[in-house]
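Take a look at the structure set out below.
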Amino acid sequence: MATALPTEPADVVAPAPAAGPRRDREQGRTRKWLLGVWSTLAILFLVAPILFMIVFSFNDNQGRFNFEWKGFTLKHWAHPFADPDLAKALENSLLIAVLATAVATMMGTLLAVALVRHRFRGRGAADFFVFLPMASPEVVMGASLLAMFLVLGIGTGFGTILVAHIMFSISYVVVTVKSRLEGMDPHVEEASRDLGAGEVSTFFRVTLPMIAPGVAAAAVLAFALSIDDYIVTSFNAGQTQTFPLFIFGATRQGVPPQVNVLSTMLLLLVLGLMVVNVLVQRALARRDFKRREA
Amino acid sequence: MTTVPESTETPAAVRPEVEERDICLEHVHKRYGDQVVIGDLSLVIEQGRFYALLGPSGCGKTTTLRMIGGFELPTSGTVSLAGHDVTQLPPHKREVNTVFQSYALFPHLTVEKNVAFGLERKKVDKHETKRRVAEMLETVQLSHLAKRKPGQLSGGQAQRVALARALVNKPRALLLDEPLGALDLRLRRQLQDQLKQIQQDIGITFVHVTHDQEEAMSMADTIAVMNGGAIEQAGSAEDLYERPETSFVANFLGTSNLIDVTPESTPVDQEFSRGTTVDREPVRYLTHRADGYSGPIRVGVRPEKVRLYATDQSPPDGDNVLHGKVVQSTFLGVTLQYLVRTPGGLELNVIEPNLVGNSAGTFGAGQDVRVAWDARQTFVVEGEATGA
């Protein structure tokens, strides 16, 4: 190969002027085709597990396992909450997710406002500590939370899961809301105060409406983080079951098909929230664009 | 100011005197850490004035405005509005409103709601609010856009909404932070006229921050030229232009020829004193203009007040005359501009009106000329101790 190299370029170069454009076009077509196949494979790879989950929610399975296709049925969809433990786990998960989202969004938004709008001692440190939960491994966070609860003598259960979820969600809320706030003209809030609105009134009448899209995005994110968290939850759950904990436990003894049904529902719920979020953001972007055009 | 008799029977006669001082800053300092932004600034703005704070960027003019508005607290000193100390009051408790450079309209509210914002906060009756908003939108000619959102307005329209939003509250004073800075030149001139008109119609105090000297001169009754966190000189446009008191003012408003001179200790006559330039040529100036200067002084003259004469022509009696050589001669249509250098290295700018109409009457580079101007047009500023 090494010896052939010097002559090879000459061979390639000679016919190039005539065949060049066509070859380029052919090459382009092949490349495009390959790219298409490759992308399709990649997407299939990504969605295959989800497709399996959805398809097997319609499987008329026999026995404890749901790994073999036995025929189409809607019976699991008719009774999605047939397994009382599963229903309870999902209820816990949803309740925790809603509560954690509400608290984390509120606290995170206020924290973001404080970090962006006010200069105070320890602001840099606060900024760093907000970032810390995002950077540290979940295992470490889960273990350290458990250690803390044990030292404080707090029994693990629903309450500790909730506290843990609020804690790690806040970071994401702060980061999301902060970016929105940083893009906002601070003079708008000054104008509000100038026109007779106090700090609180300014927050609710001007700041909050303006950062609302960021707050909404943050809430969706917090909800999604909470509802599927396994690692941190498993450390701090005590006897309480959440949906991810239940499924993980169930896979060892046989998975009831209701898991597929509820997972599909959950997926649809999260997808729905994301679609709403995207639509809202798009509407706002259009509004911004119009403003720039004008 | 008329003196009020001690035993006046009408206290009302005293009151206007107090109220005339609408905005008053006394020995205000502002520091951010080690950085001194404002160092000992005092100013008094009388009721109904159009007052401009003029200066280059970073001179502290916006900080001064923000301290009046309550957005910055002075490190020391007091701010009073209508005779009341408001130094520690937050913006929403001050009887002034601000028009921000970025307009800072509320993007989520309609034009109408933007303008109503202040009245709603003050719990003004609904009907009254509606009426005043409509009236104000009429004044700024934006009634047809009442239902629009700020995102759908042009720059000039947004600026007028910001103005309406502030004025509808009938503030004691309106603070304007470079409100025309973001607009193109033509629109700016148009809005300058409108602003001036509105100020005259409603008669409240306007404090206008700008770096555009022409804008300040065309609109303001009083201009305070700021530099390095202090007011260099405050007065009418004419005062500042014809009788600048510092080198900075002399060159920030228009351009000036500044000449370092050594003053002679005895005046020439009752009116004039004399100093000598580096070329040992005498320059006369009105004695009272040098009052208060003990050290070295600089005399100055505006380029358009100076005339050039050929060596065989004689300038009018009583003119200051310097000798030099034309270094550069530029034809600008309306005017002819010359740069003249004296043997001692003084450089003088001369702007002559284009009266001749052909190059025969002009001076070319290298030509020996006399530079002359009416001695009464000479102003005096403090010289720099370093002599630079």
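The values are calculated or read from the model by the stated rules, or taken from the named source; none is laboratory data. Please read these numbers as outputs of a predicted model, since none were measured by experiment. When we count neighbours, we look across all protein chains shown, and the Cβ atoms used for this are built from the backbone with ideal geometry, even at glycine. What goes into the accessible areas is simple: the full protein's heavy atoms, side chains included, and nothing from ligands, DNA or RNA. Shrake-Rupley method; radii C 1.70, N 1.55, O 1.52, S 1.80 Å.
Assorted remarks:
- Candidate cross-link partners of B:LYS305 among the lysines, defined by an alpha-carbon separation under 23 Å and a same-chain spacing of 8 or more, comprise B:LYS325.
- Whole-number D in µm²/s for the protein assembly as shown (Stokes-Einstein; Kirkwood sum over Cα pairs; 25 °C, 0.890 mPa s): 75 µm²/s
- Space enclosed by the convex hull of the alpha-carbon atoms of segment B:114-169, per residue, Å³: 68 Å³
- Note on A:269-279: average number of Cβ atoms from other chains within 10 Å of each residue's Cβ is 0.
- Mean separation of Cα pairs under 8 Å and 6 or more residues apart, divided by the residue count, gives segment B:140-245 a relative contact order of 18 percent.
- Gyration tensor (alpha-carbon) shape descriptor, segment A:83-293, a/c threshold 1.5: oblate
- Threshold 50 Å² - residues in segment A:172-198 whose accessible area is reduced by that much or more when the chain is no longer isolated, probe 1.4 Å: A:HIS187, A:GLU190, A:ARG193, A:ASP194, A:LEU195
- A straight line joining the Cα centroids of segment A:25-66 and segment A:70-121 runs 29 Å.
- Across chain B, the mean sequence separation of Cα contacts (distance under 8 Å, 6 or more residues apart), normalised by length, yields a relative contact order of 15 percent.
- Between B:LEU339, B:GLN270, A:PHE131, the Cα set farthest toward the positive side of the dipole of the protein assembly as shown (charges on each charged residue's Cβ, about the Cα centre) is that of A:PHE131.
- Spatial extent of segment A:41-112: Rg and Dmax, with the Cα atoms as the point set, Å: 18.1, 53
- Solvent-accessible surface (1.4 angstrom probe) belonging to B:GLU245, in square angstrom, nearest 10: 100 Å²
- Counting charges near A:SER201 (Lys, Arg +1; Asp, Glu -1) among other residues having Cβ under 14 Å from its Cβ returns a value of +1.
- Sequence of B:GLU112, B:GLU281 from largest to smallest accessible area, 1.4 Å probe: B:GLU112, B:GLU281
- Spacing of the modelled spin labels on A:ALA78 and B:GLU135, each 7 Å from Cα toward Cβ, amounts to 7.3 nm.
- 16 Å Cα-Cα reach of B:LYS61 towards aspartates and glutamates, excluding residues that sit fewer than 8 places from it in its own chain: B:GLU26, B:ASP40, B:GLU72, B:ASP177, B:GLU178, B:ASP212, B:GLU215, B:GLU232
- Cα centroid separation, segment B:258-280 to segment B:54-110 (Å): 45 Å
- Relative protection proxy for A:237-245, B:203-211, A:48-56, B:188-196, from highest mean packing down: B:203-211, A:237-245, B:188-196, A:48-56 (other beta-carbon atoms within 10 angstrom).
- Other protein chain Cβ atoms within 10 Å, averaged over every residue that makes up B:68-76: 1
- Distance-filtered residues of segment B:189-219 - backbone nitrogen under 13 Å, label point 7 angstrom along B:GLU238 Cα→Cβ: none
- For segment A:113-237, the Kirkwood hydrodynamic radius from C-alpha pairs, put into Stokes-Einstein at 10 °C and a viscosity of 1.306 mPa s, yields a diffusion coefficient of 97 µm² per second.
- The A and B chains share an interface that buries close to 2100 Å² of accessible area, total over both sides, probe 1.4 Å.
- Binning all Cα-Cα separations of chain B at 20 Å, short to long from zero, yields these whole-percent fractions: 23, 45, 27, 5.
- Oblate is the label for segment A:192-294. Its Cα gyration tensor axes, ordered a ≥ b ≥ c, give a/c of at least 1.5 and b/c at or above a/b.
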